[in-house]
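Student: Take this structure first; my questions come after.
The values are calculated or read from the model by the stated rules, or taken from the named source; none is laboratory data. Just so we're clear, the structure is a prediction, and the values are computed from it rather than from any experiment. Heads up, the Cβs are rebuilt from the backbone with ideal geometry, glycines too, and the neighbour counts pull from every protein chain shown. Heads up: the accessible areas ignore ligands, DNA and RNA and are worked out on the full protein's heavy atoms, side chains in. Shrake-Rupley method; radii C 1.70, N 1.55, O 1.52, S 1.80 Å.
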Amino acid sequence: MDRTRRDRDAEGRARNARPRDGLGRPLPYGRAGVERQPEGVERTPEETLREAQRLLDSGMPFHAHEVFEDAWKSGPERERELWRGLAQLAVGLTHAARGNTAGGARLLLRGADRIGAYGTPYGIDVPGLAAWARELAGRLDGAVDPAARAPRLRLP
């Protein structure tokens, strides 16, 4: 039987080691890619927001989604849906920027619904983000430049 070797991490879990572009798409082996976000990093909410905003502003919403995913998986239970919703906004923007506007719109709306009950924790502009996501989802009609559409996470 011919088996293809799978990339594995230090713990032996299957992990694709192919380089990726700024939107998280795999590139051919040997090509230069964007450094991936380390997984399982525990950050304070402020560190999470600062890093995610930096990535969004750099046109890297896929990577921002990974930062939010770490917060969702490691944060307090009462905040998990907030961080999960923010991750969905970032991955919705990723899908839209990759040209999957229908999938992007669905994720943007799902994220907006998920964060809606949270008010303004940590200075996050939840009402503004939800409105931004709904407005963008309503007008997705082609590929989206992720840096041009990056939302402001926090209130001014």
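Student: Name every residue in region 55-96 that is of a type in the set (S, T, N, Q) and not in a helix (DSSP H, G or I), in order of residue number.
Tutor: 58
A quick yes/no check of all residues on (1) in contact with a helix residue (DSSP H, G or I) (Cβ under 6 Å, 6 or more places away or on another chain); (2) more than 18 Å from residue 152 (Cα to Cα); (3) modelled with pLDDT of 95 or more:
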| residue | (1), (2), (3) |
| --- | --- |
| 39 | no, yes, no |
| 44 | no, yes, yes |
| 48 | yes, no, yes |
| 59 | no, no, no |
| 63 | yes, no, no |
| 68 | yes, no, yes |
| 73 | no, yes, no |
| 81 | yes, yes, yes |
| 88 | yes, no, yes |
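Student: Can you find a residue that is without any contact (Cβ under 8 Å) to a residue 40 or more places away in the chain and in a loop (DSSP other than H, G, I, E, B) anywhere in region 97-106?
Tutor: Among the residues of region 97-106, at least one is without any contact (Cβ under 8 Å) to a residue 40 or more places away in the chain and in a loop (DSSP other than H, G, I, E, B), which makes the answer yes.
Student: Now, a different point. Please tell me if residue 21 is at pLDDT below 95 and of a type in the set (D, E, K, R).
Tutor: yes
Student: Answer yes or no as to whether residue 77 is modelled with pLDDT of 85 or more and open to solvent by 50 Å² or more (accessible area, probe 1.4 Å).
Tutor: Considered against the rule, which asks whether it is modelled with pLDDT of 85 or more and open to solvent by 50 Å² or more (accessible area, probe 1.4 Å), residue 77 comes out as yes.
Yes/no per residue for (1) farther than 21 Å from residue 22 by Cα; (2) of a type outside the set (Phe, Trp, Tyr); (3) in contact with a His (Cβ under 7 Å, 6 or more places away or on another chain):
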residue: 62; (1), (2), (3): no, no, no
residue: 70; (1), (2), (3): no, yes, no
residue: 87; (1), (2), (3): no, yes, yes
residue: 100; (1), (2), (3): no, yes, no
residue: 109; (1), (2), (3): yes, yes, no
residue: 115; (1), (2), (3): yes, yes, no
residue: 128; (1), (2), (3): yes, yes, no
residue: 132; (1), (2), (3): yes, no, no
residue: 150; (1), (2), (3): no, yes, no
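Student: Of the residues 136, 93, 109, 129, which is in contact (Cβ under 8 Å) with a residue 12 or more places away in the chain and surrounded by fewer than 20 Cβ atoms within 10 Å (Cβ to Cβ)?
Tutor: Only one candidate qualifies: 109.
Student: Looking only at region 110-120, how many residues end up being at pLDDT below 95 and in a helix (DSSP H, G or I)?
Tutor: Going through region 110-120 one residue at a time, the tally reaches 3.
Student: Moving on. Out of the residues in region 112-126 meeting the condition of being more than 14 Å from residue 87 (Cβ to Cβ) and among the hydrophobic types (A, V, I, L, M, F, W, C), tell me which one is least open to solvent (accessible area, probe 1.4 Å).
Tutor: 126
Student: Here's something else I'd like to know. Within region 21-54, can you find the residues that are surrounded by 13 or more Cβ atoms within 10 Å (Cβ to Cβ), of a type in the set (A, V, I, L, M) and part of a loop (DSSP other than H, G, I, E, B)?
Tutor: Selection gives 23, 27, 41.
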